[in-house]
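The values are calculated or read from the model by the stated rules, or taken from the named source; none is laboratory data. Just so you know, these numbers come straight off a predicted model, no measurement behind them. Quick reminder, even Gly has a Cβ in these numbers, built from the backbone with ideal geometry, and neighbours come from all protein chains shown. The area values use the complete protein model at the heavy-atom level, side chains included, leaving out ligands, DNA and RNA. Shrake-Rupley method; radii C 1.70, N 1.55, O 1.52, S 1.80 Å.
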Amino acid sequence: MGPRTRAESAQIYSKIVERYAHFFERPEVRLRFLHQTLSRQAASCERLDAKLERCSWFRKSRAYERLLEWMLYRLIVQELHRLLPTTARERMRLLRRNRAPLAARVFFSFYQIRHGFYAAGLACAVLALFGVYSGAVWTSARVSDYLASRYGKTRTAAPSQNPVLPQVSAQHLPDYRPEKVWLVEEKDAHERYSNGGRILTEYETDNHPRAFNLYARGGGQVIETGRREPVGIVYHTSESDMLPFTADNNESIETRTRGLLEYVRRNRSYNYLIDRFGQIYRVVRDTEAANHAGNSIWADGRGVYVGLNESFIGVCFETNSTEAGEERLTEAQLVSGRLLTQILRSRHGLDDANCVTHGLVSVNPDRMLVGFHRDWARDFPFAAFGLSDKYQPPTPALGEFGFTYDGELVDALGGRIWPGARAGEEQFNSRAGAAGVRADDLRRRMRQRYRELMDEQRRLRRDRDASDASAPAGDSD
């Protein structure tokens with residue numbers, strides 16, 4: 001097997017860290033531990049990659065993966081030591097009870113007595129300096145006799161001063177099953193799930209049933225037609241007016257949330273809304289399409305999806321972009337967003353590859369530009385949600401259909417486009433080269449193909465609506 005991709009490593013690291021996050025009883029502390037550890041690991045990986053920029057051979061080796069895993073366990077131990085309000089013995093007992101790897105427990109023990117190692121190292125350094133000084137004085141007086149007496153004798157190798165690092169493994173833990181989430185309780189106004197998620201249903205309503213096609217990559221033919229089960233999640237921001245998130249604004253914040261919920265229900269804008277206090281509201285039922293991502297494109301290993309209203313569930317966070325183009329979530333929204341993601345992925349079998357943001361799927365077909373809507377076009381906390389980073393792989397709108405981006409979008413993102421946009425451009429140019437055509441010619445052809453696919457999907461929906469309307473009462477597919 002070759003070296004793991006960065007997305008695969010991120011998923012494995014997320015699962016390892018989540019295993020230790022269960023040591024904390026409070027969900028906000030658990031998520032803080034998860035987010036801080038994964039963020040520090042990502043930053044450490046970037047610094048290490050910068051140092052090893054000229055050593056690409058090492059970055060492709062197993063030794064590099066082991067080094068990253070060791071760094072992850074070091075961060076886990078540091079965060080546990082900082083956040084767990086227990087004694088060192090109790091923390092070690094938790095590690096043992098939760099079947100942490102032996103190497104992790106050994107490293108934790110070393111970490112507890114690290115100050116002793118520091119003191120011993122300092123003492124050794126002082127003794128070494130004193131020895132060097134004494135040796136220099138002695139040698140200056142007796143150098144001739146010393147060389148004469150020692151000449152020709154074999155030197156004895158000095159013992160290594162480098163300690164052997166503990167070997168750790170990032171294998172999947174056998175009892176980690178994030179996909180197993182089930183409904184525990186259902187009442188008139190809420191549902192409660194096994195992962196602690198709670199969905200409020202007082203604003204629940206209908207729209208039209210889902211109906212969409214799956215297309216082959218490269219703008220190909222229909223692979224599957226008339227599908228009705230959702231295949232992914234698109235994350236949005238409400239872009240509504242925000243009050244300062246303080247205790248004295250509680251009533252006003254809730255009043256604005258109710259107004260937003262009424263608007264979302266009236267326009268069937270999203271399937272779910274998560275307010276600033278972390279409450280999850282279902283608005284449009286999962287089996288119905290919400291009006292959250294009109295002109296849009298995404299793809300997975302099976303094929304290409306267009307017009308994601310029909311195929312993806314829309315999840316909106318009550319927040320908006322700052323003047324710097326950054327979205328902000330409360331800690332309660334982070335917790336609830338992760339729980340809702342687990343619920344939806346478990347209920348519908350959604351792939352990680354299809355959990356994406358609105359800014360990455362939204363397109364303007366008239367100008368052939370991506371980023372028509374820019375919510376979460378950067379900085380979405382994928383790792384904190386247990387998901388791989390969708391800003392890295394080639395963006396399907398660019399790679400499959402030849403969409404581009406302009407300077408206005410780059411400026412709005414702080415002067416730098418996400419890496420997958422450039423990768424998508426390279427992918428499309430390679431396709432044009434392989435086909436022996438100019439990229440601009442292929443782009444015009446794919447723009448027309450995108451419009452044809454959207455027209456097909458609209459006809460499919462109209463036919464499905466007509467079929468459902470004419471079916472006798474009580475009939476179902």
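Output the residues belonging to the range 30-41 that are modelled with pLDDT of 75 or more, within 21 Å of Gly196 (Cβ to Cβ) and not aromatic (Phe, Trp, Tyr).
Leu31, Arg32, Leu34, His35, Gln36, Thr37, Leu38
Would you tally the residues in the range 354-374 being touching a Phe, Trp or Tyr at 6+ places or on another chain (Cβ under 7 Å), touching a residue at least 60 places away in the same chain (Cβ under 8 Å) and either open to solvent by 10 Å² or more (accessible area, probe 1.4 Å) or closer than 17 Å to Gly407 by Cα (or both)?
Final tally of qualifying residues: 6.
Counting just the residues of the range 1-29 that are more than 20 Å from Tyr64 (Cα to Cα), within 17 Å of the chain's Cα centre (by Cα) and of a type outside the set (A, V, I, L, M, F, W, C), which one comes out modelled with the highest pLDDT?
Of everything passing the filter in the range 1-29, Glu18 is modelled with the highest pLDDT.
Looking at the structure I just gave you, is Ala377 in contact (Cβ under 8 Å) with a residue 40 or more places away in the chain and in a loop (DSSP other than H, G, I, E, B)?
Criteria met by Ala377.
Here is a list of conditions, (1) under 28 Å from the mean Cα position of the chain (by Cα); (2) closer than 30 Å to Gln457 by Cβ, and Pro209 meets all of them except one; can you say which number that is?
(1)
Mind checking which residues of the range 210-233 are part of a strand (DSSP E or B) and open to solvent by 30 Å² or more (accessible area, probe 1.4 Å)?
Val222, Ile223, Glu224, Thr225, Arg227
Within the bounds of the range 234-249, is there any residue that is under 25 Å from Asp463 (Cα atoms), among the small types (Gly, Ala, Ser) and assigned to a loop (DSSP other than H, G, I, E, B)?
No: zero hits.
From the list Met71, Met92, which one is modelled with pLDDT under 70 and in a helix (DSSP H, G or I)?
Met92
Residues of the range 54-74 being hydrophobic (A, V, I, L, M, F, W, C) and either within 29 Å of Phe33 (Cα to Cα) or in contact with a Phe, Trp or Tyr (Cβ under 8 Å, 6 or more places away or on another chain) (or both), which ones?
Once the filter is applied, which keeps residues that are hydrophobic (A, V, I, L, M, F, W, C) and either within 29 Å of Phe33 (Cα to Cα) or in contact with a Phe, Trp or Tyr (Cβ under 8 Å, 6 or more places away or on another chain) (or both), the range 54-74 yields Phe58, Ala63, Leu67, Leu68, Trp70, Met71, Leu72.
So that you can scan it fast, the table gives a plain yes or no per residue for (1) open to solvent by 60 Å² or more (accessible area, probe 1.4 Å); (2) among the polar types (S, T, N, Q); (3) modelled with pLDDT of 95 or more:
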{"position": "Glu254", "(1), (2), (3)": "yes, no, yes"}
{"position": "Leu261", "(1), (2), (3)": "no, no, yes"}
{"position": "Arg266", "(1), (2), (3)": "yes, no, yes"}
{"position": "Leu273", "(1), (2), (3)": "no, no, yes"}
{"position": "Arg282", "(1), (2), (3)": "no, no, yes"}
{"position": "Ala290", "(1), (2), (3)": "no, no, yes"}
{"position": "Gly294", "(1), (2), (3)": "no, no, no"}
{"position": "Arg302", "(1), (2), (3)": "yes, no, no"}
{"position": "Tyr305", "(1), (2), (3)": "no, no, yes"}
